[in-house]
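Read the structure below first, then the notes.
What follows draws every value from the coordinates through simple rules; no lab data is involved. Worth saying up front: this structure is predicted, and the values here are computed from it rather than measured. Don't worry about glycine lacking a Cβ; one is built from the backbone with ideal geometry, like all the others, and counts go over all protein chains shown.
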Amino acid sequence: MDAFEHLVSEILWAQGYWVRTSVKVALTKEEKVAIGRPSSPR
């Protein structure tokens, strides 16, 4: 987990959110285009 991910997870956890770190999400090509990141890895 990188420093930014750790910082954000700590902030969210302190606000009462459940947090899962280092999770990879598989997106289809269509989903990547829909979020404006057609060449993004997982």
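What are the pairs with Cβ atoms under 8 angstrom where one residue, in the stretch 14-38, is touching a residue at least 12 places away in the same chain (Cβ under 8 Å) and the other, located anywhere, is acidic (Asp, Glu) and surrounded by 10 or more Cβ atoms within 10 Å (Cβ to Cβ)? Sequence gap at least six, or different chains.
Listed pairs, sorted by first residue: 21/5; 22/5.
For the chain, which residues satisfy the criterion of being of a type in the set (Val, Ile, Thr) and in a helix (DSSP H, G or I)?
Listed by number, the residues that qualify are 8, 11, 33.
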